[in-house]
Amino acid sequence: MNFNEYPIESLMYITNRPEIVFTHGKGSWLYDNNGKRYLDFIQGWAVNSLGHCNDGMIEALNSQAKLLLNPSPAFYNEPMAKLAGLLTQHSCFDKVFFANSGAEANEGAIKLARKWGKKFKDGAFEIITFDHSFHGRTIATMSASGKPGWDTIYAPQVPGFPKADLNDIASVEKLINAKTVAVMLEPIQGEGGVIPASREFMQQLRELTKKHNLLLIVDEVQSGCGRAGTLFAYELSDIEPDIMTLGKGIGGGVPLAALLSKADVAVFEAGDQGGTYNGNPLMTAVGYSVISQLTAPGFLEGVRARGEYLRAKLLELSEERGFKGERGEGLLRALLLGKDIGNHIVEKARDMQPDGLLLNAARPNLLRFMPALNVTNEEIDQMMAMLRSILDTL
Ligand SMILES: Cc1ncc(COP(=O)(O)O)c(C=O)c1O
């Protein structure tokens, strides 16, 4: 269908979108309404852990769709229980609550911490978060985020989220007072530009929060579910947080998220938390397929190997073109361009012929790479060749 034949004008404006309509995808490739194909290193914003239209996920979706869609969140269902079991088996957490988006899972984490503070810490409610962090688009998660400008856009904010600096333990310590209940951070700031919290900082944070009887909350909506080369990024620091949130990759493309906690932190009482679609069997069945594939023998080793391969290729390109290096973990990486040409490259890559390339500039001076976790080395080579050909035209 021609672009002008789609009733695009009925969609509410929220951002500038290119004049193409995506129609289907498979693995690392997306196809538009003109039949043009794109090598996809965005993958639904680090969402499609197993690429587009993964066979196992399709099978899970189809068979569950014939069995049961939603018995009500107030009843147990089989996929919900099976996925919760799989997540507790493969993490340091004991309890799981399912949500539909990363922001909603983070809202749940904020509520759980505040409830815990009410119960065990004299009503302490402040959660220390970080500059340039991103936790979602609800009013509370926007308030928790340290994204510049978000404090004024829908003012007034939800109070109780003082901001510290990532990788600076003194900046956290300074903010602790009697009202503090938790520290919440992304182990790798994704939207902020792929900035990892150092192993040393994560360990210092764990020590500091223990010392002051505070909860440590990791937002692994972007860094979790294999993206960082381990099932969860907190594992890279050899620490155990109290609360973790998951989103994006856990559903491999369908709306699914989760809030996990240690048993002694799971203090919700009847009616404190819920939601119509939370833990619905259709999405949790898909999540079960995703997590089963990610935890299959050898899969995460493969992610680490491909992450290492991408890292080496990006470093080589950086040296060749005089860029500022690269950073990240696993298959969440950034090429530091040293100048604000990221958005220009993104547009040129998308518009390339005959095949396009989908990249993201999380900040104007860098490119972010978040391919499918089962991307091949050949596809990484292909992406690098396409990127080089764009850089040649600048
Ligand atoms: C670390 C982090 N937390 C939360 C979110 C929000 O997730 P969602 O868009 O599913 O609400 C995002 C989305 O980019 C994220 O990267």
If we keep only residues of the range 217-263 that are in contact (Cβ under 8 Å) with a residue 40 or more places away in the chain, within 11 Å of the ligand (Cβ to nearest atom) and charged (D, E, K, R), then the residue most open to solvent (accessible area, probe 1.4 Å) is Lys248
Taking the range 91-149 and keeping only residues that are away from the ligand (no atom under 11 Å from the Cβ), part of a helix (DSSP H, G or I) and either within 19 Å of the chain's Cα centre (by Cα) or at positive phi (or both), one is left with Gly108, Ile110, Ile139, Ala140, Ser143
(message) Within the range 250-273, does at least one residue satisfy the condition of being of a type outside the set (S, T, N, Q) and touching a Cys at 6+ places or on another chain (Cβ under 7 Å)?
(response) yes
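Before we move on, is Ala155 away from the ligand (no atom under 13 Å from the Cβ), open to solvent by 40 Å² or more (accessible area, probe 1.4 Å) and assigned to a loop (DSSP other than H, G, I, E, B)?
Working: away from the ligand (no atom under 13 Å from the Cβ): yes; open to solvent by 40 Å² or more (accessible area, probe 1.4 Å): yes; assigned to a loop (DSSP other than H, G, I, E, B): yes.
It is true that Ala155 is away from the ligand (no atom under 13 Å from the Cβ), open to solvent by 40 Å² or more (accessible area, probe 1.4 Å) and assigned to a loop (DSSP other than H, G, I, E, B).
Here is a check on your reading of the model: is Ala270 part of a loop (DSSP other than H, G, I, E, B), open to solvent by less than 10 Å² (accessible area, probe 1.4 Å), at pLDDT 95 or above and not hydroxyl-bearing (Ser, Thr, Tyr)?
Working: part of a loop (DSSP other than H, G, I, E, B): yes; open to solvent by less than 10 Å² (accessible area, probe 1.4 Å): no; at pLDDT 95 or above: yes; not hydroxyl-bearing (Ser, Thr, Tyr): yes.
No: the conditions fail for Ala270.
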Residue match in the range 44-59 (condition: within 16 Å of the ligand (Cβ to nearest atom), in a loop (DSSP other than H, G, I, E, B), within 30 Å of Glu5 (Cα to Cα) and open to solvent by less than 50 Å² (accessible area, probe 1.4 Å)) = yes
Exercise. Determine whether Asn278 is assigned by TED's automatic domain parsing to the domain that holds Lys121, within 16 Å of the ligand (Cβ to nearest atom) and within 23 Å of Thr141 (Cα to Cα).
Key: yes
Residues of the range 199-213 being open to solvent by 10 Å² or more (accessible area, probe 1.4 Å) and either within 10 Å of the ligand (Cβ to nearest atom) or touching a Leu at 6+ places or on another chain (Cβ under 9 Å) (or both), in sequence order, are Arg199, Arg206, Leu208, Lys210
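The values are calculated or read from the model by the stated rules, or taken from the named source; none is laboratory data. Owing to the predicted nature of the structure, the values given are computational and were not obtained by experimental measurement. Counting neighbours? That spans all protein chains shown, and the Cβs are built from the backbone with ideal geometry, glycine included. Protein only, heavy atoms only, side chains kept; ligands, DNA and RNA dropped before computing areas. Shrake-Rupley method; radii C 1.70, N 1.55, O 1.52, S 1.80 Å.
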